Structure formats: C-alpha cells, structure tokens
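The values are calculated or read from the model by the stated rules, or taken from the named source; none is laboratory data. No experiment lies behind these values; they were computed from the predicted model shown. Neighbour counts are summed over all protein chains in view; Cβ atoms, including those assigned to glycine, are modelled from backbone coordinates with ideal geometry. Quick note on the areas: whole protein, heavy atoms, side chains included, nothing else; ligands and nucleic acids left out. Shrake-Rupley method; radii C 1.70, N 1.55, O 1.52, S 1.80 Å.
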Amino acid sequence: MSLLGGIRPPIAVLSVLLLSLAGITALTLGKPDNALVPKAVLTSQQYVAEDGAIALRASLDESVTDLTGTATLFNEGRPVAADTVLDKVGQVYQKWRGTAVIEIKSGKMLAARGENVPLTAIELAKLSRDDGLAPRMVRLENGQTRLIILALLSWKGQPQQLLVASSTLSFPGVDLGPGRAIGVVDSTGRLLSSHGALDSEEAKKQLAAFAKTAARKGRQHPIKAKEPGAGGYTGVSGHLTGGAAKDVRTVGGYATLTPPRPGEATTASSLGLTVVTEVGVTAKVSQITRPAFGLAAAGALLLIGALAVLVLLGTVQRPLIRLFLESRRLTRGDLARPVSVPRAGEAARVGAALERLRRQFQGEPADVEGPAVRKGLGARALVAVCAVLLLVWSVPLMLVLNRADSSVKVPAQFVHDQKSRTVTLSDRVRRALNEGHADLSAVAALIGDRTTPEDMEKVLERTMQEHDRYESVYVLGADGEILARAGDSPHHKDGEAPSKQAIEVTGEGGKKPVVTATAGAPGRGGAAVVGEFRIEFVNALLGRQGMGEVRVVDAKGRVIGGDSGYLAFEKAPSYLTSMLAAKQPQATVQRGGTVRVAAVAPFSGGGAAKSLEWSLASWQPASALAIPEYSLQNRTVLAGLLGLTAAAACLGWLHIVVVRPLRALAGQAEALAAGDRKTVLFPRHHDEVGAVVRSLELIRQQLQEQPRKRDGGSRTPAGVGRN
C-alpha cells in the first residue's frame, strides 16, 4: 500500500487532528487571562518610546545639519563679523541653548549668545583630525547634558573661526500625557536627562531602574532583538513592567535612536542613546474567560469528531476492506461462498458486481441480473455528512460564539496614548514644515543684489542635496520670473509674484497637493526663495506603528496627506467631523457598528506652518487591539478555523484518493459483470481501491481465457472440467 494513499491514513490523521484540537480548545478557550495589564497597553508604551526616539533623533540630526549648512552658506559669501553670524543664526533658528564663535588659532572668544557654551570640552589643536568636528556630549556641573555641535567658518585671507552651538537632549513636541515620565539613557544605563511626572522618589527610582534595563536591552542587535519576520521600528525597542502599588502598576517602554532607513548612519544614531518611558496604569485581572466554555467546546468536538470518524469507519473503510478481501478470494478461485455485499453505496455496487462475476465463473450467463443493491448514501454523500458534522462545531466558533460587541472595554491608558501620540505626530509635521521654511530663510538671507544666477543655482543645488524634503527650490523675482532653480519643474504660474503666505497649499483638482514655502530675500527687492515640499516627505512622517490610519486634514476638512491610500482633497471620514470642529486635541472611543479609537490634534505652536491650520487625525478599530475581549474572540475564531481546516484537508484528501476512484471502480465493475471483456483495468493508486481494480483485471483475464461453449453462449468457468 502507498504510504499516503488508502482509506486508513486520512481517517487516522483526522482523528489525531481532532483530538489535538480538542486539547488546544480546552486550554486556550478555558484558560483564565491572568494578565494584569492588557498587552495593548504594554505595546502602546513601546510605541510611545519609539515616537520619542524618532523625535529626538530627528531634532539632533536637524540641529547638526542646520548649523553645518548655515556655516557653508556663510563661507560662500563675503566675510562677516562674528556677531552678525550669531545674530542671523539666532534669527533663523531658535533651537540652541547657546552659540559662540571662536578664533581657532588664538582661542579667543569673538562672540557668544545664550547660555555659556562648555568650551573646555573642545580641544582646538585636534580639530584637524578626521573626527575633530564630530558632535560630542558634555555633562555640565549641574548634571545636565549638552550636545556640542561644531562648524568651520573660513574666508580667504581671514583666520579660521569655529562656530559652536549647544543643544539639550530634549524631546521637541512630544506630548507625555497624564502621569508619564521620559528620559534619555546612555549606553551605560545612566540617565542623561528626564522630563515629566517625577514628583516622587519612587517614580525616580523606577525610571532609573528602567534606564539600566533599557540600556542592557538596547545593546542587542536589532535583528536578533525581534521575532523572525517582524518589521516596524528599525532599532531595538520593547516594553517594560515595574512594581505595583495597590491596583496601580508601573509600565514603560524603551527605544534606541536609529537611522530613518536601515543601513544608514546619522550623528544622533551613533551616540548610543536610548529613550525610556514610564507611566502608572490600573492593573486588574480580566474576568471574561470562562473555563467551562473551553471544556464544553472541547467535549463537543470529541463527540462530533468521534461520530464522524465512526461513520467513516463503518460506512467507507470497512466495506472497502471487505471488498478488497472478497476480490482477492475470487482471483484465487475460491468460488464456493457467495460474495458478502455491503449494504449501500458504491461498495454495494462493486460487491454485487463481484457476486455476478463469481456466478459467471460457475457458468451463469453475463446477462443474468445480480443481487439487488439497496438505495442509500454513497461515499461522497457520507463524506459530506461528516463535513457537515464538523462544520456544526466550527462555524459557530468562527461566527457566533465569544463575539466582542459594541460594549467592549477599551483601556483608558490606550486612549490617552492614542491622543498623546497624535499630538506628538502633529507637532512633528508642523516642526518639519517650519524647519523647511527656516532652511529657505537661511538661503534667502544670503542672497543679495550682487548674487549671480549661477551662484544661486549652486546654493539651491546644495540645499536640495542636504534636504530631501523638497521637490523643487527656486528663486522667484518680484515680477514672477524664475531667476534660478534646482530640482523638478516648479508648479509656479508664469508672471505671478511671490506669495505673501509663508506656507500654502495649491493643486486642488490635481493628483496631489502642492505644499509651497516662501521666504523673502531681503537683498533682492521683493524676490523670494520658494521651495515645493514633496508630499511623499509629509506622508513619510506619518508612518507610525500602532496608530492605525493617519491623515493630515486642512481647515476645510479635506485630506492633504496620509500614511496609506487616500485621494487628495477628499473629505475626511464623517465620524471625525465633530472632533475636527472642536479645534483642540482629543481622543474618544466611538461605538456603533464598528468600535474604534479616534484622536485629533490641530497644529499648535508658532512658526510658518501655524497659518495652515492643519490637524492630524488618527483612528483604528478596537478589534485590532490586543485587549482581552478581542483576544478571546480571536482565539475562538482560530479554533473554528483550525477545525474547518482539519476537516477540509482530511476529508478532501479522502475524497481525492478514495471516493473518486471508488466511484469509478463501481462503474468498471458493473461493466465487467455485464460482459465487457475488452476494457483493460488499470489501478490509479496502490491502495485498497487499486487492489480491487487489479483483482478485477485478473478476473477479466481469466474470463477471457475460458473456452466458449459450442452454442456460443456463456463461457465455462476456469478450472471446471467438462461433462
């Protein structure tokens, strides 16, 4: 017999699978959920830490790029005084705690702004080394940490100067929400800075403990720190669980600073920093799981499965094996006993045909009718009955039982986190647009009436290379003429003067919005530097794990950008209308046909992007969250799917290798019994059905070899002597 063929393997495998599934069902559907904090809340803390890490990395890298880019622009122009350099730097960018200009050769301080820059951390004699101008972290006497950024100011015939800026390890625009603390940790586990709810000594100790754990976990390789095939954040991240007081447990998250794209290296990501968070959440044991349900479902499966297996054994397997034995008996010449004919179905048809063939061996004519075959269910119908039995168990689990309704409880902490993350992302988009406008302002400040179009193009090309946020950058004259440009063709209309709006959106009716920033050039009599943002740049900022769908919406409720498929300028979903009209950050659980968590955060804060009056909206169905009600529903559906899969696989296997060949065998046996001696019978499989076919072929050959009677009637049976 074939290893995978025959009647026994499918039924045996079905029995094993159903028995295993019954055990799995009893354990998974009846096991109490002892998690004090839902997994959705724990995962949310990881996402909050990732948001903080992204914001900090972007802020530090942007600070380095802005300072070095500004120094390059100054170097390409005429020499200016150190005070002028710092004044223009402070006018365009308001991000550094302190700035200074030092003459490298003498070490003399030429100018300074803001807080005192820790110049003792700078060794002027080593600036010529490969890493001499690399940013560095310095710990001040008060325990705070500063990132020191260096850039050269070099003009022909002038002593070289060093432009120095100090930046804090803060989280620009990160909304912590109620009761959350956040900190920056170095590779040794030392807290470099911390913010948020740290009013008690317990909170400070817990954050310090989280910091050491986060630093240790952060030293893992990002690939090894994740489950195989897991995507998402490119760095190392996770969630942490701390101590509990009464019914409140401290949880947190951590995330290392990582480049925006794998394989790249940025200044911030090379500092070995990790972001860690902590927050207190209510810890309660879920009471939704009923152990009796799992036992009842497993018991029902055992009963139904046993009934299905008995049906297959009694009505398919045993009759087929009996036919196999009877056919072998006939081929050996044992014709004394009548053939035992099964009760109904294809097996009964084959048995009746074998009985006719036995009688033909004994001299009965082929046209004599054999024993009557009872009408009944065939093998295909019996397999269908077994499938229906298993569906009776599987379908209710998939579609009816343990369904979470509209009253499902969404953890309050997750709703707070959805709001906080939406506010953080809203501020991230606003700051990115402001940074883009500030870059254009820095370029515009250095364009005077003597700057040639060739020099303008060089500056614009460098701006395009340093920042991937622009689709095109150009200098627009007061009369609307483009004086110089870099990048793609502008969307500007010929003859149209520079816009008075710092940032505006056009392109309605087209395939994508055109977001344009305009910065006036003081030295060109009404000219301006204009940059058109890539909408893909804005959309890339919106990609965050665990936030669902994210959209940028304008003041008219139209979609400008999104993290997934959308139509430009389409109306935002109707269930966001009231939230958008409120013009303030909020998050709600919307119930009805679909339970979803939705949050809205309008642009807040200053800068050029404030005039856009954009809002950020995010929403996701509660069914996507790892909360107890939906976890139980998912496990129940999975059990039903496993039952359906086991039935489809085993019964389908049985139908292919047994039922279909058996139906064909019934027709071949009846044709042979009716006198067809010319059709050669070939077995399809080396199993019980194939063995019966081989026996029929031997019987056909034996019947052909019998000598004919003189009157041309029936043949004499093989081995029977003549009178």
Burial-style ranking of 431-438, 189-196, average other-beta-carbon count within 10 Å with highest first, yields 431-438, 189-196
Alpha carbon centroid spacing (whole Å) that separates the stretch 591-650 from the stretch 274-353 | 39 Å
Using Cα positions and a limit of under 20 Å, work out the aspartates and glutamates in reach of LYS156, with same-chain residues fewer than 8 apart set aside.
-> GLU76, ASP83, GLU103, ASP455
Straight-distance crosslink candidates among aspartates and glutamates, where the alpha carbon sits under 20 Å from LYS217 and sequence neighbours closer than 8 are dropped = GLU50, ASP51, ASP186, GLU227, GLU278
Please work out the C-alpha center-to-center distance from the stretch 159-175 to the stretch 65-87 and express it in whole Å.
-> 15 Å
Total charge dipole magnitude, the chain, about the Cα centre, Cβ charges on Lys, Arg, Asp, Glu only, Debye to nearest 20 | 4100 debye
Out of VAL538, LEU320, MET109, whose Cα points farthest toward the positive end of the dipole of the chain (charges: +1 Lys, Arg; -1 Asp, Glu; placed on Cβ)?
-> LEU320
Quick note, the stretch 559-605: a/c under 1.5 would make it rounded; otherwise a/b > b/c is prolate and the rest oblate (a ≥ b ≥ c, C-alpha gyration tensor); here it is oblate
For the stretch 681-686, 3J(HN,Hα) per residue [Karplus equation, 6.51 cos²θ - 1.76 cosθ + 1.60, θ = phi - 60°, Hz, x = Gly/Pro] = 9, 10, x, 7, 9, 8
Ratio for the stretch 291-436, C-alpha Rg to 2.2 N^0.38 Å, reads 2.19
Which one is right for this structure if Rg and Dmax of the Cα atoms in Å is calculated from it: [x] 28.4, 94; [y] 39.9, 137; [z] 32.5, 117?
-> [y]
Could you tell me the accessible area of ARG219 in Å² (1.4 Å probe, neighbours in place), rounded to the nearest ten?
-> 150 Å²
Taking H as built 1.01 Å from N, whose amide H comes closer than 5 Å to the amide H of LEU140, not counting residues under 5 places away?
-> THR145, ARG146
Quick one: net charge of PRO573's neighbours, Cβ under 14 Å, K/R +1, D/E -1?
-> +2
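In what sequence, largest accessible area first, do ILE223, ILE321 appear using a 1.4 Å probe?
Heavy-atom accessible area, descending, gives ILE223, ILE321.
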Determine the relative contact order of the chain: mean sequence separation of Cα pairs under 8 Å and six or more apart, normalised by residue count, in whole percent.
-> 16 percent
From highest to lowest solvent-accessible area (probe 1.4 Å; ligands, DNA and RNA excluded), ILE304, ILE24, ILE447 read ILE24, ILE304, ILE447
In the chain, which helices (entire DSSP H runs) extend 27 Å or more along their own long axis, judged by Cα positions, while averaging at least 0.0 on the Kyte-Doolittle scale?
-> 8-30, 39-76, 291-312, 379-399, 628-654
Past the 26 Å Cα-Cα mark, which pairs from LYS95/LYS493; LYS500/LYS610; LYS419/LYS556; LYS246/LYS409?
-> LYS95/LYS493
Note on the stretch 21-90: alpha-carbon gyration tensor, axes a ≥ b ≥ c; rule is a/c under 1.5 for rounded, else prolate if a/b larger than b/c, else oblate; result prolate
